[in-house]
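The values are calculated or read from the model by the stated rules, or taken from the named source; none is laboratory data. Keep in mind it's a predicted model, so treat the numbers as computed, not measured. Cβ placement follows ideal geometry from the backbone for every residue including glycine, while neighbour counts extend to all protein chains displayed.
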């Protein structure tokens with residue numbers, strides 16, 4: 001896995017999130033879609049919180065102060081990393097995650113600022129991810145033990161996954 005390629009792909013995805021904000025009508029941003037589910041604002045809240053939490057796990061993989069952990073990704077985790085996407089089924093986030101980081105309705109300006117913050121944080125993570133010490137593992141709530149490089153790739157996969165959710169919300173509003 002090339003961290004440089006992952007980083008470029010990640011920046012393209014951040015650009016897509018930024019473009020989406022500008023295309024969403026202001027009155028729809030925090031509105032619940034007609035058929036239920038998260039609003040655009042809640043998706044942005046979730047994805048940016050999850051990205052920041054994942055960078056913390058990524059960084060922990062590089063600290064010598066943490067005891068090296070053994071273990072591997074779960075079968076689902078290995079599949080997600082191998083194919084670079086989540087399976088085509090609806091998966092709810094684990095209760096342990098939603099209770100710590102609930103998706104809340106944020107403003108467009110807050111979403112823009114979070115994109116900038118997450119992009120900057122990911123830029124800062126590139127050298128850590130490439131570091132030879134980045135072999136320690138930190139557990140993902142559902143997908144098992146990840147190294148720093150695996151966390152980096154997971155962040156990109158997770159961000160890409162939620163772009164599809166934004167598209168579903170747009171279709172929901174347009175068909176109602």
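When residue 19 is tested against (1) part of a loop (DSSP other than H, G, I, E, B); (2) out of contact with any helix residue (DSSP H, G or I) (no Cβ under 7 Å at 6 or more places or on another chain); (3) modelled with pLDDT of 95 or more, just one condition goes unmet, and that condition is (1).
Yes/no matrix, rows are residues, columns are (1) at pLDDT 95 or above; (2) over 13 Å from residue 170 (Cβ atoms):
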{"residue": "4", "(1), (2)": "no, yes"}
{"residue": "11", "(1), (2)": "yes, yes"}
{"residue": "27", "(1), (2)": "no, yes"}
{"residue": "34", "(1), (2)": "no, no"}
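Rundown of residues vs (1) surrounded by 12 or more Cβ atoms within 10 Å (Cβ to Cβ); (2) part of a helix (DSSP H, G or I); (3) at pLDDT 90 or above; (4) more than 17 Å from the chain's Cα centre (by Cα), yes/no style:
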position	(1), (2), (3), (4)
51	yes, yes, yes, no
80	yes, yes, yes, no
87	no, no, no, no
98	yes, yes, no, no
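Among the candidates 154, 128, 173, the residue that is assigned to a helix (DSSP H, G or I) and at pLDDT below 90 is uniquely 128. Take the conditions in contact with a helix residue (DSSP H, G or I) (Cβ under 7 Å, 6 or more places away or on another chain) and either surrounded by 13 or more Cβ atoms within 10 Å (Cβ to Cβ) or in a helix (DSSP H, G or I) (or both) and apply them to residue 56. Does it pass? Here the answer is no, as residue 56 does not meet what is asked.
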